[in-house]
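S.K.: My questions all concern the structure below.
Laboratory data are not the source of any read-out in this text; all were calculated from the coordinates shown. These numbers come from a predicted model, not from an experiment. Cβ: placed from backbone, ideal geometry, glycine included. Neighbour counts: every protein chain shown.
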Amino acid sequence: MTRANKLGLLLIIVLMIVPIVVSAQTLTQLVEGAKKEGQLILSWGTGTMGGFEGLQMMEKGFNKTYGLNLQFKFTPGPAMPQFASRIIQEAKAGQPASTDLFVGSENHVARMPLKSVEWTKIFPHITAPMIDFDNKVLIVTTRTPGFTYNSKMVVGNDIPQRVEDVLNPKWKGKIASTPYAASFDRLAMMWGEEKTTAFLQKFVKQVSGLIRCGEDERIASGEFAMLVFNCDLASPQEAKEKGGPVDGQIFKDAGMLSYWYITVPANARNPNAATLLAAFLLSKDGQDILYKTDKSSSHWVKGTQMSKFVAEQEKRGVKFLSYSVMDVLKNAEEHTRIRLKFQKILAGN
Amino acid sequence: MRGRWLFVAISAAGLLPVVAFLLIILWMGFWQGSPGEPVVYTLKHYQTLFADPSTYRTLVNTIGFASTTVLVSLVFAIPTAWLVERTDVPGKNLIFALVTIGALLPTFFTSMGWVFLLHPRIGIINKLLIEWFGLEQAPFNIATLIGMGWVEGLGLSSIAFIMIVASYRAMDPALEEAARVHGLGIFRTLRYVTLPLTLPGIVAAAIYIFTIGLSAFEVPAIIGMSNKIFTFSTYIFYKIQPLEELPSYGMAGAVSSLLVVLALLLSWGYFRMLRFSHRYAVVTGKGYRPRRVELGAKGWFCAWFFLGCYFLVAKFLPFVLLVWASLLKFFQPPSWAALEQVSLYNFYGLPWNLMLQGARNTLILMLSVPTLALILCLAISWTVLRSGLRWRLTFDAVAFLPHAVPQLILAIAAVFAALFLLHNAFSLYGSLAIVIIVYTISRISFATRIINNSLAQIHPELDEAAFVGGLPLWQVMRKILLPLLKPALVYAWLWMALLCYRELTMASVLVTSQENVTLPMIVWGLWLGGSLNQAAAANLVVLAFMLPAVTLYLIFGRRSRFTEAL
């Protein structure tokens, strides 16, 4: 081997090794940084990410994965919009964020100062589809809005398959919807504003009341036969497992994929540990914890319940609509206008 | 009057943050974006508010709901207060205990419970009545304004009772005796003597309850929304908390401003009454010896029948529902099938470490907030009723305003002040101190109503005589006014401590870490997250934690009655 060849071979080896070394160093740096931080300050609604039970399991799994002994300090937080507003204010005032990791939807994360991370370089299990918004956010769970129903009142062929099935006179006065018109704006993205408005004007005659997503006991009690649309199928599934006569399903003609994003605020107190936790939650172990405690997971992570569910539904012919943070941001004003219009119709105004 | 200006200065210092917060709220009503974003001014929130026909429908709903709430709460509170303080009805300690414990039950359980009892489709009582009498449709519907007012009024009857009971305690029975000597029966004496003499207390309680009704959230959210009945609280809530977007604090500020105007209008009548407060002075220098009306055995039976019915529907039923909910994985009406699912599952999963931290913070709040509030409010009430200052009623108007503003908005204004206006001088954000300050401010209305009522019943001739004798104001306060006000002050202190325990909405904004987490915030967090049953379990644990405070309340109550008898 000539000297030139030796040098060439060395260069190739260096080029192959360097990225790995850089990644390994970065991961090491993160772990070292997390060790120095010594704790994670976390806050979100107890109905998100498995609540207190989820937290305990995350703490164990996280420390085991990274060989750390960090303490998770969790405080129950307010609803997501209020929390997002809180973090934005804290950043503007130069205060540390009240959570090291924020969970929310597109509109919540969009106006927040966030830390950008080279996720795919540092964490091999994180792939490009799991990342959005210039490496600032990760899709932690996929939500599939549909309807929640009382499995004693709505049985067999009566279970709606398509959205317009809920207009059946049988359900007049027995359906609930949400005061914030959950998911109808997304329906308008599929159907168009005109068709959705026409549908809502008929649908509102079926609706006798407005309840929040997650109030499954009101469906189980028979106060309402159905909630259309709900925010996700995770909540009715959890209620069903607890023994409630409740179930959830998606409409064949209105498949939607919406996401909860997880992100490290730029003013997080413990950014290294937070980055590691975000990555852990996208691992199979992290996703298993989320499914066990919250009945939710990301369809982008192989082998999760949600990836199986989405695949099954696609086989049934359901076409899912999904959108990125940027899609939502581009059309934010239009979405707000439509949502307010739909809220008014549902409220009977 | 030596020392007068010290009291006026304390009053002014206490009311200064109230004015500041209210100005922030009014300012907020003109913001385009959220707090912390560059301020762009707009009138669109007011335009939207006044141009939207649903605003007026919501206003009518809110007034209907608040009025029913007042009516229901007074129907139970006035007779109970009269029985406890003006008669020899037995079991007074038990009555106090039941009223107090009942006030600690969160309204969201009561609301769900009443839905299960009186909903036209699933209500157990409705179902039974339809079955027994062969009715075609359900006779009761809880999802109406009257139904909502019934549930809210029952819940607030404890607060109304506490506000009214001190007035009955301080009344001179000689006036009632004189009425009876002149041939008036017990009911005519009540109508022409007792009720008019305690009118300031009753009106103050009515206005106070009415304003709670204006901003009450749980009952309108759970019962009202199930029949698409919006009140201002639910209207604001969904403006502040849309599902997908950032909150619209501008609209919330505009609606709050409207509520402040409404509260000022309400207060006007009350202020007029205060101007003539000397008419209601029943504690004079000529003799003060409260005596009880003897009811006799028949009267005792009637009294306890009334109290029994009241405690059954307002206190016992919600408590049973709370226990029931805590033992189930899934909230459902009582049935044999449900009974088989009973377990302690919800208690095992509670965040015990966090609850201990919450207990510590809540205890600090329960000791500091009432003490601070009483010091400030004593000074304010004295300034309003005794100082003789030309603008003294302005002090009372300002003291009442925090109550008119939805507490959520008050807390948002406080956070804004801590983050953007005071951050260079004080590190308040995220601390327990900011919670203490905001809770104290929010209690000023309550405490001034109670102290005003009692101070109005003490004739100025008592303190005037002391001033003539050369005593400075602080000595007059210590030797004359404080001993006479003691029952009211003890009630107010203990009740404010209990209100600290109940406080949820402000905590959701002010609590940002484990450093200032409170016990109710943990319960609220569980409920908001959909864990209704675990929230019930947490609430029972919190009730157990509250037992020493309730015992304290009873001991103090008994002791002050004992002192009085001497």
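S.K.: Near the amide H of A:V140, under 5 Å away, which other amide H atoms are found, from residues 5 or more places off or on another chain, if H is placed in the peptide plane?
M.R.: Long-range HN contacts for A:V140: A:W260, A:Y261, A:I262.
S.K.: Continuing with the same structure: Take every Cα pair under 8 Å in chain A that's 6+ residues apart, average their separations, divide by the length, and report that relative contact order as a whole percent.
M.R.: Averaging sequence separation for qualifying contacts and normalising by length gives 26 percent for chain A.
S.K.: Considering only DSSP beta bridges where both residues belong to the protein assembly as shown, give the percentage that are antiparallel (nearest 5).
M.R.: Around 60 percent of the beta bridges assigned by DSSP in the protein assembly as shown are antiparallel ones.
S.K.: Taking the highest mean first, how do the peptides A:186-192, A:155-161 order by number of other beta carbon atoms within 10 angstrom per residue?
M.R.: Details: A:186-192: 18.9, A:155-161: 11.9.
Ranking, from highest mean packing down: A:186-192, A:155-161.
S.K.: Still on this structure, please answer the following. Which order do the peptides A:123-134, B:366-377 take when ranked by the mean count of other beta-carbon atoms within 10 Å per residue, highest first? Write down the numbers at each step before the final one.
M.R.: Working: A:123-134: 15.9, B:366-377: 21.2.
Peptide ranking by packing, descending: B:366-377, A:123-134.
S.K.: Separate question: Considering only DSSP beta bridges where both residues belong to segment A:137-252, give the percentage that are antiparallel (nearest 5).
M.R.: Restricted to segment A:137-252, the bridges split so that about 60 percent are antiparallel.
S.K.: Return an integer: the convex hull volume of the alpha-carbon atoms of segment B:459-553, in Å³ per residue.
M.R.: In segment B:459-553, the Cα convex hull volume per residue is 143 Å³.
S.K.: Next question. Amide H to amide H, which residues 5 or more places from A:S296 or on other chains are under 5 Å from it, using H placed in the peptide plane?
M.R.: A:Y291
S.K.: Between B:I63, B:A13, B:I130, whose Cα lies farthest towards the positive end of the dipole of segment B:1-131 when Lys and Arg beta carbons carry +1 and Asp and Glu beta carbons carry -1, centred on the Cα centre?
M.R.: Result: B:A13, furthest along the dipole toward the positive end.
S.K.: Using just the alpha carbons, could you tell me how many Å³ per residue the convex hull of chain B encloses?
M.R.: Value for chain B: 170 Å³ per residue.
S.K.: Here's a follow-up. Dipole of segment B:4-565 (Lys/Arg Cβ +1, Asp/Glu Cβ -1, origin at the Cα centre): which of B:L484, B:L510, B:W336 lies farthest to the positive side?
M.R.: After comparing all options, I get B:L484.
S.K.: Distance from the Cα centre of segment B:116-180 to that of segment A:157-182, in angstrom?
M.R.: Segment B:116-180 and segment A:157-182 have Cα centres separated by 35 Å.
S.K.: Still on this structure, I have one more. Please flag any cysteine in the protein assembly as shown that has no other cysteine's Cβ under 4.7 angstrom from its own Cβ.
M.R.: B:C302, B:C309, B:C377, B:C500, each lacking another Cys Cβ under 4.7 Å.
S.K.: What distance in nm lies between label points placed 7 Å from Cα along the C-beta direction at B:F316 and B:T42?
M.R.: About 5.4 nm separates the two model spin labels.
S.K.: Once you order the gyration tensor axes a ≥ b ≥ c over the Cα atoms, which shape class does segment B:291-362 get: rounded for a/c under 1.5, otherwise prolate or oblate by comparing a/b with b/c?
M.R.: In terms of gyration-tensor shape, oblate.
S.K.: For segment B:399-445 and segment A:306-325, what is the centre-to-centre distance using only Cα atoms, to the nearest Å?
M.R.: Answer, in whole Å: 47.
S.K.: Counting partner chain Cβ atoms within 10 Å of every residue's Cβ in A:239-252, what's the average?
M.R.: The shielding value for this peptide is 2.
S.K.: Return a whole-number percent for the relative contact order of chain B, with Cα pairs under 8 Å and 6 or more residues apart as the contact set. Display every interim value, and only then the final one.
M.R.: Values: 791 pairs, mean separation 127.6, N = 566.
Computed over chain B, the figure is 23 percent.
S.K.: List the residues whose amide H sits under 5 Å from the amide H of A:D100, counting only those 5 or more places along or on another chain, with H placed 1.01 Å from N in the peptide plane.
M.R.: Under 5 Å from the amide H of A:D100 lie the amide H atoms of A:I41, A:L42, A:S43, each far enough along the sequence or on another chain.
S.K.: Name the shape class, rounded, prolate or oblate, that the alpha-carbon gyration tensor gives for the protein assembly as shown, where a ≥ b ≥ c are the square roots of its eigenvalues, rounded holds for a/c under 1.5, and otherwise prolate holds if a/b is larger than b/c and oblate otherwise.
M.R.: Taking the square roots of the gyration eigenvalues as a ≥ b ≥ c, the protein assembly as shown is prolate.
S.K.: Let me ask something else about it. At a Förster radius of 51 Å, what calculated FRET efficiency corresponds to the Cβ-Cβ distance of B:V60 and B:R478, to the nearest 0.05? Don't jump to the answer; show the numbers that get you there.
M.R.: Numbers: r = 50 Å, r/R0 = 0.98.
Here the calculated transfer efficiency is 0.55.
S.K.: Anything over 26 Å Cα to Cα? Flag those among A:K35/A:K73; A:K136/A:K284; A:K121/A:K295; A:K292/A:K344; B:K92/B:K329, in the order listed.
M.R.: Violating the 26 Å Cα-Cα cut-off are A:K121/A:K295; A:K292/A:K344; B:K92/B:K329.
S.K.: Obtain the nm distance between the two label points defined at B:V75 and B:L367 by a simple spin-label model: each point lies 7 Å from its Cα along the Cα-to-C-beta direction.
M.R.: Simple spin-label model gives 4.3 nm for this pair.
S.K.: Can you compute 3J(HN,Hα) from phi for each residue in segment B:9-22, using the Karplus curve 6.51 cos²θ - 1.76 cosθ + 1.60 with θ = phi - 60°, rounded to whole Hz and x for Gly and Pro?
M.R.: Each residue's phi maps through the Karplus curve to give 5, 4, 4, 4, 5, x, 8, 4, x, 4, 4, 4, 5, 5 Hz.
S.K.: Right, here's the next one. Over segment B:314-442, what relative contact order in percent results from Cα pairs under 8 Å that are six or more residues apart?
M.R.: Worked out over segment B:314-442, it gives 20 percent.
S.K.: Please work out the C-alpha center-to-center distance from segment A:37-92 to segment B:310-384 and express it in whole Å.
M.R.: 25
S.K.: Same structure again: Using θ = phi - 60° and the Karplus form 6.51 cos²θ - 1.76 cosθ + 1.60, what ³J(HN,Hα) does each residue of segment B:367-380 get, whole Hz, x for Gly and Pro?
M.R.: Running phi through 6.51 cos²θ - 1.76 cosθ + 1.60 with θ = phi - 60° gives 8, 7, 4, x, 5, 4, 4, 5, 4, 5, 6, 4, 5, 5 Hz.
S.K.: Which value at 222 nm does chain B reach when only helices count, each DSSP H run of 4 or more adding -39,500 (n - 2.57), with the total divided by all residues and rounded to the nearest 500 deg cm²/dmol?
M.R.: Helix-only estimate at 222 nm: -22500 deg cm²/dmol.
S.K.: Which value at 222 nm does chain A reach when only helices count, each DSSP H run of 4 or more adding -39,500 (n - 2.57), with the total divided by all residues and rounded to the nearest 500 deg cm²/dmol?
M.R.: -14000 deg cm²/dmol
S.K.: Give me a comma-separated list of calculated 3J(HN,Hα) values for segment A:238-255, in order, Karplus coefficients 6.51, -1.76, 1.60 applied at θ = phi - 60°, integers in Hz, x for any Gly or Pro.
M.R.: Computed from phi, the couplings for segment A:238-255 are 5, 5, 4, 5, 7, x, x, x, 9, 8, x, 7, 9, 7, 4, 9, 9, x Hz.
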